[in-house]
Structures are given as C-alpha cells and as structure tokens.
Amino acid sequence: MKEYKIIKKCRICGSKNLHKFLDFGQMSLANNFLTDDELNRVEARYPLYCLFCANCGLVQLGVVVNPRIMFCNYPYIPSGSGVMMNNFASLAYEVGKRMKFGEKSLVIDIGSNDGTLLTFFKKMGTRILGVDPAKNLSRMAQLSGVPTVTKLFNRQTAKSLVNKYGKADLVLATNVVAHIDDLYDFLRGVSTMLGSRGLFICEFPYVLDLIARNQFDTIYHEHLSYFALLPWSRIVSRLDFEIVDVARLSIHGGSLRLTHKKKSGTRRSKAVDYLVALERRHGLYDVATYEAFAKRIEGLGEKLKLVLGDFKTRGKRIIGLGAAAKGNVLTNFFDIGGDILDYIADSTPYKWGLYTPGKHIAIYPEERVEFDLPDFGLILAWNFANEIMRKHQQFKKRGGKFIIPIPEVKII
Ligand SMILES: [Zn+2]
C-alpha cells in the first residue's frame, strides 16, 4: 500500500452512494508528536474528510493512511488514566459474571496496548495473550508479564495464533475496529480465533454520541469508521455472529460495548432493536443530519476562536490541558496555535518535551500549571475533563478558569 488510498466504496456494503461532509483539508497525523529535530523537517499531511454511506448508514473517512505509518510507534497508554482502568475493571467484571475460566481457557486481546486490560483477566487464573502492532507498547506489556504478539491482527495472524495457542474462549477488541480498513478480514480472523462457545466483546465510540455532542475532534486519520449499531449489526450478521448484548458506556465521550457469539439461532438482544429505533429517531441514517453537524462544528470553531481571541487581547495567558490526539485535531482545524496557547500540560511522561503535530505547541508536565499560574486552561482532553479539573484544584483556587470546548464552549 502507498502512503494513503482514497475510499471509493463503502467498507461495509460496497455502495458508491457516499456523501462527503466535514472536510478538514490537509491534516497531520493526530498522534504524531514531534521532537525538536523533527520540527525542522517537512511534516507529512494527508487529506481528512468524512463520507456517509446512504445505503447502509456507515460513516467513514474518505482516505485511509497506510497503517504501518500510523501504528508502528503508538503513544497512547491507557493505564495512566483512572477512567480507563474503571472501564477495564467493569468489562472484566461483566465477563466474569457470564463465563467461568479454567487455567486452560484463553483470553485474547486485540490491540492490547500496554497489556493493562489483560492483567484483569490474568487475575482470574486463565491464559492470556495480547496482539498489538506497536513495538514500543508490546515491549511494555511483555515487561509487565503480559505475553504479547507484535502483529497487526487479521485472518492470517489468527490462523497462526490458533495453531500455536488453540482457540480462544474470549476475544476482546476495545477501541480497535474503528482502526480497521478491511473489516471482513478482521472479523473472519476473530471468527477463526474464537471457539464455538466463546464470546467476542468489542467496544467502539458511538457515532450517535459523536453527532449529538459535537465530538468532531474524535475524527482523525486513525479512526476509519464511526459506527452506528445498524451498519455494525449488518456486517457481524454476515459473518455469522449474533449480538447477544449491547451496552452504552460513557467512556471516550460515549461508546458501545457489544457482546457477540457465533450464530446459534438464539434471538437477538432486544437492546439492539431499541438502539436501532433510537438511531432512526436521531436521523443517523439521513445525510441531512451530517450536513447539519458539519455546520454546527463550523459555528463552534468561530465561537471558540472569538472567546480565546478576546482573552488574549485582554492580556490573559491561556494554556492547553491534555495533549490528546483530539486536541491536536481541534487546534489544527480551528487554527489555534502557539500564539494563543503558551503550552500544553500533560500527565504522560512520554509526551514531555515533544511538540504537537501541525501546530507545534510545546508539551510540559502537568505540574507546571501549579507554579506557572496561567489565567485559563483549555481542556483539550474533554473526555477526561473531570479528572483533569480534580487534578488542578490549586490552579482553580488561585483564580484559574477552565474552558471546555465541547459540546459547547463553556467556562468554569
Ligand atoms: Zn454502506
């Protein structure tokens, strides 16, 4: 594959009835933080825009950047976040209620990151195995005692894993499927991997929440698809899975957790019908909904720039809080650079001393906020807003204010 390819037909249904909306123009990769040296080189940028498939309802990017460019060194590390830990704990608890593991059972986590989720299952006394293409992360996982295969997951990988480890009782994929271009190959891989009575549990951000809460900044090159339940149920059903449970989660601004089994004729969960009806009421299968969304986002950008510009002319100092990928989308799309944000404070040591992609804003440890005392903190990682505000009580006590940009500009 070249650097990137243009999508001409829908990833799920093959239709060419695709409507373009929300064009970001040329954008740098949202997780491609830069070192001092890299600031002097030309930064790669790729087109970023959305397509709505009028046939099956899938929202997808119009461009797929080569995954080897995006995922071979991946900075996202969830174990630093309490919110993520709670979500993993709840997932493990739910599974624990449904199935009993023995010491021969096998739990596989696709996109296992630093292995955090699997450590919850390790405690249940079962075999665990992570699969992740990022070398840096799988090395971290290995060091913390989580066996991990450094590979992109697909059908071929699944076959070799089955040969070596046998079939899995549980296959997990949290925040993975949105990254997958060839969903059929991926899901065939899951099917190959999964024992006949096993469970496949998958979590992804829910497009209903994305649209309803203006979360445009979760749209970036890594996230190829933005699923509603209807198109998702269509593809899994084609691959002989049935959805036995679905739950809405608050994580990442709103996600779905779907539990699947191999088809055995049991009736599908009522929750699926309920959510599909809700999606219809929200206009998720209607192109006008997405056009209206794009308009709202334009308005949001104008409002935010106005507010920030006003503070600047009054001599106020503003910093960013949380060097999240979504923050990089927001600052680039709304053209908010180092002239507005002095720097961005972040809790991840990995990012300290680096610069944000596109806008090249410097990243510092979050402790800096407490002695530096800026006037405003723009919360860029709004999905962790409560956690961030709790951490910066001192900043608040001394008169600092938080700006939350999404779903509406709000000052606290
Ligand atoms: Zn489609």
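Kindly state which helices (runs of 4 or more DSSP H) lie completely within the stretch 311-412 and contain at least 1 residues that are touching a helix residue (DSSP H, G or I) at 6+ places or on another chain (Cβ under 7 Å) and closer than 29 Å to P47 by Cα.
So the answer is 325-333.
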Does the stretch 101-143 hold any residues that are under 18 Å from M84 (Cβ atoms), among the hydrophobic types (A, V, I, L, M, F, W, C) and in a helix (DSSP H, G or I), and which are they?
L117, L118, F120, F121, L137, M140, A141
For L249, the lone unmet condition from (1) under 29 Å from K5 (Cα atoms); (2) touching a strand residue (DSSP E or B) at 6+ places or on another chain (Cβ under 6 Å); (3) surrounded by fewer than 22 Cβ atoms within 10 Å (Cβ to Cβ) is (1)
Can you confirm whether the stretch 356-375 contains a residue that is charged (D, E, K, R) and under 23 Å from G25 (Cα atoms)?
yes
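For the stretch 202-304, which helices (runs of 4 or more DSSP H) that fit wholly inside it have 3 or more residues that are touching a Phe, Trp or Tyr at 6+ places or on another chain (Cβ under 9 Å)? Steps first, please.
Values: elements: 207-212, 229-238, 270-281.
Result: 207-212, 229-238.
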Would you confirm whether or not the stretch 74-94 contains a residue that is within 16 Å of the ligand (Cβ to nearest atom) and not in a strand (DSSP E or B)?
no
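Could you identify the single residue in V190, V162 that is touching a helix residue (DSSP H, G or I) at 6+ places or on another chain (Cβ under 9 Å), surrounded by fewer than 19 Cβ atoms within 10 Å (Cβ to Cβ) and either at pLDDT 95 or above or part of a helix (DSSP H, G or I) (or both)? Walk me through how you get there before you give the answer.
Values: V190 fails: surrounded by fewer than 19 Cβ atoms within 10 Å (Cβ to Cβ).
Of the residues listed, the single one that is touching a helix residue (DSSP H, G or I) at 6+ places or on another chain (Cβ under 9 Å), surrounded by fewer than 19 Cβ atoms within 10 Å (Cβ to Cβ) and either at pLDDT 95 or above or part of a helix (DSSP H, G or I) (or both) is V162.
In the stretch 165-187, what count of residues is obtained for those that are of a type in the set (D, E, K, R) and either part of a loop (DSSP other than H, G, I, E, B) or without any contact (Cβ under 8 Å) to a residue 12 or more places away in the chain (or both)? Walk me through how you get there before you give the answer.
Within the stretch 165-187, the first condition is being of a type in the set (D, E, K, R), and the residues that meet it are 167, 169, 181-182, 185.
With either part of a loop (DSSP other than H, G, I, E, B) or without any contact (Cβ under 8 Å) to a residue 12 or more places away in the chain (or both) added as a condition, the list becomes 167, 181-182.
Residues in the stretch 165-187 being of a type in the set (D, E, K, R) and either part of a loop (DSSP other than H, G, I, E, B) or without any contact (Cβ under 8 Å) to a residue 12 or more places away in the chain (or both): 3 in total.
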Checked the stretch 347-366 for anything of a type outside the set (F, W, Y) and modelled with pLDDT under 95; matches are S347, T348, P349, K351, E366
State all residues of the stretch 144-159 that are within 20 Å of M84 (Cα to Cα) and surrounded by fewer than 20 Cβ atoms within 10 Å (Cβ to Cβ); if no residue qualifies, say none.
S144, G145
What number of residues in the stretch 136-149 are of a type in the set (V, I, T) and within 13 Å of I110 (Cβ to Cβ)?
2
Out of the residues in the stretch 54-70 meeting the condition of being more than 16 Å from the ligand (Cβ to nearest atom) and not hydrophobic (A, V, I, L, M, F, W, C), tell me which one is modelled with the highest pLDDT.
N66
In the stretch 386-412, the residues that are of a type in the set (A, V, I, L, M, F, W, C) and surrounded by 16 or more Cβ atoms within 10 Å (Cβ to Cβ):
I388, M389, F395, F402, I403, I404, I406, V409
Matching option when the condition is touching a residue at least 60 places away in the same chain (Cβ under 8 Å), farther than 27 Å from C50 by Cα, of a type in the set (D, E) and surrounded by fewer than 23 Cβ atoms within 10 Å (Cβ to Cβ), among D375, D342
D375
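The values are calculated or read from the model by the stated rules, or taken from the named source; none is laboratory data. Worth saying up front: this structure is predicted, and the values here are computed from it rather than measured. Every residue, glycine among them, receives a Cβ derived from its backbone with ideal geometry; neighbour counts consider all protein chains shown.
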